[in-house]
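Report on one structure; see the data block that follows.
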Amino acid sequence: MEELNFIARWGHLLFGITWIGMLYYFNFVQGGYFKNASPEGLSDAKAKLAPSALWWFRWGAMFTFITGLYLLHTISASLKFNEYIIVGATLGTLMFLNVWIIIWPAQQIALGMKSGDGPAAGAKALLASRTNTLFSAPMAYFMLASAHKAQMPTEGLSNGLWAALAIVILLEVNAIFGKQGPLASVAGVVHMSLLLTAALAGVLYFL
C-alpha cells in the first residue's frame, strides 16, 4: 500500500506539473503572442499549436484530478484531514472543472473547431483560465503546507474554513458570470494570486 501511495503522489506531481505548466504557458506566453502575431502566424498557431497544447492541458488536469482523488481517499481513510487539505482540494477541484466544463468547450469555439460566437467564447475561456491562474498559487501553498498543519478537530468546521471557502466560491462565481477586473493583465493575475494566498492563509489563521 505504501508503494502505491508513493506512485500516486509521484504521478500527481508529474501530472500537476504538466497541467499548471500549460496553464502558465497559455496565460504568460501564448496570450501575448496571439495579440502580436501576424495574421498568418496567428492562423497557423490556432490551427496547429493551440489544439496540441490544449490536449496536454486538459489531460494533465484530468490525471492530476484522478490521482488527487486517490490521495484524498487515503488521507480520509487515515483520518489525517485538515483545513489546508480541504481548501487546497477545493481550489484544485474547481480548477479541474473550469478546464473541462468552461475552458475546453469555449476554446473549441474560439479556435474554430466548433461553430459559435468565437469572441464571446474566447472571453469566457480567458476569464476561467485567469481564475485558474489566480487559484494556482494558493492551491499549491495549501497542498504543500498541509503536512505541517494539525489534524482537524472533531467538533466541526472552523469559522476560518467557512470564510476561506466562501471567498473561493465567490471568486468561482465571478469566473462564470463576472469580469476579469485586475486579472486582465499578467502582472495583475500574478499579484492577485499571491494576495489571495496570503488572504486565505490569514483567514484560516486568525478566524
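With respect to the conditions (1) surrounded by fewer than 16 Cβ atoms within 10 Å (Cβ to Cβ); (2) in a helix (DSSP H, G or I), THR133 falls short on a single one, namely (1).
Residues checked against (1) touching a helix residue (DSSP H, G or I) at 6+ places or on another chain (Cβ under 7 Å); (2) surrounded by fewer than 20 Cβ atoms within 10 Å (Cβ to Cβ); (3) in a helix (DSSP H, G or I):
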| site | (1), (2), (3) |
| --- | --- |
| GLY92 | yes, no, yes |
| VAL99 | yes, no, yes |
| TRP104 | yes, yes, yes |
| GLN108 | no, yes, yes |
| PRO119 | no, yes, yes |
| GLY122 | yes, yes, yes |
| LEU127 | yes, no, yes |
| MET139 | yes, no, yes |
| PHE142 | yes, no, yes |
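Considering only residues in segment 59-73 that are under 14 Å from the mean Cα position of the chain (by Cα) and either in contact (Cβ under 8 Å) with a residue 60 or more places away in the chain or open to solvent by 30 Å² or more (accessible area, probe 1.4 Å) (or both), the one that is nearest to ILE109 (Cα to Cα) turns out to be TRP59.
Checking each residue in segment 8-37 for being open to solvent by 90 Å² or more (accessible area, probe 1.4 Å) and over 23 Å from ASN98 (Cβ atoms) picks out ARG9, TRP10, ASN36.
If we keep just the residues of segment 174-207 that are aromatic (Phe, Trp, Tyr) and over 25 Å from LYS124 (Cβ atoms), which is farthest from the chain's Cα centre (by Cα)? Looking at residues that are aromatic (Phe, Trp, Tyr) and over 25 Å from LYS124 (Cβ atoms), I get PHE206. For segment 190-206, the count of residues that are open to solvent by 60 Å² or more (accessible area, probe 1.4 Å), modelled with pLDDT under 95 and at negative phi is nonzero. Considered as a group, the residues in segment 79-90 that are at negative phi and not in a helix (DSSP H, G or I) include one that is surrounded by the most Cβ atoms within 10 Å (Cβ to Cβ), and that residue is ASN82.
Given the structure, is SER76 at pLDDT below 95 and either assigned to a helix (DSSP H, G or I) or open to solvent by 40 Å² or more (accessible area, probe 1.4 Å) (or both)? Yes, satisfied. Being modelled with pLDDT under 95, assigned to a helix (DSSP H, G or I) and more than 19 Å from MET143 (Cβ to Cβ): is that true of LEU4 here? It is true that LEU4 is modelled with pLDDT under 95, assigned to a helix (DSSP H, G or I) and more than 19 Å from MET143 (Cβ to Cβ).
As a summary of the residue check, LYS179 satisfies the conditions (1) part of a helix (DSSP H, G or I); (2) free of Cβ contacts under 8 Å to residues at least 60 places away in the same chain except for the one numbered (1).
The values are calculated or read from the model by the stated rules, or taken from the named source; none is laboratory data. Fair warning: this is a prediction, and the values are worked out from it, not measured in the lab. In this analysis, Cβ positions are derived from the backbone assuming ideal geometry, glycine residues included, and neighbour counts consider all displayed protein chains. The protein model used for the area step is the full one, side chains on, heavy atoms only, and it has no ligands, DNA or RNA in it. Shrake-Rupley method; radii C 1.70, N 1.55, O 1.52, S 1.80 Å.
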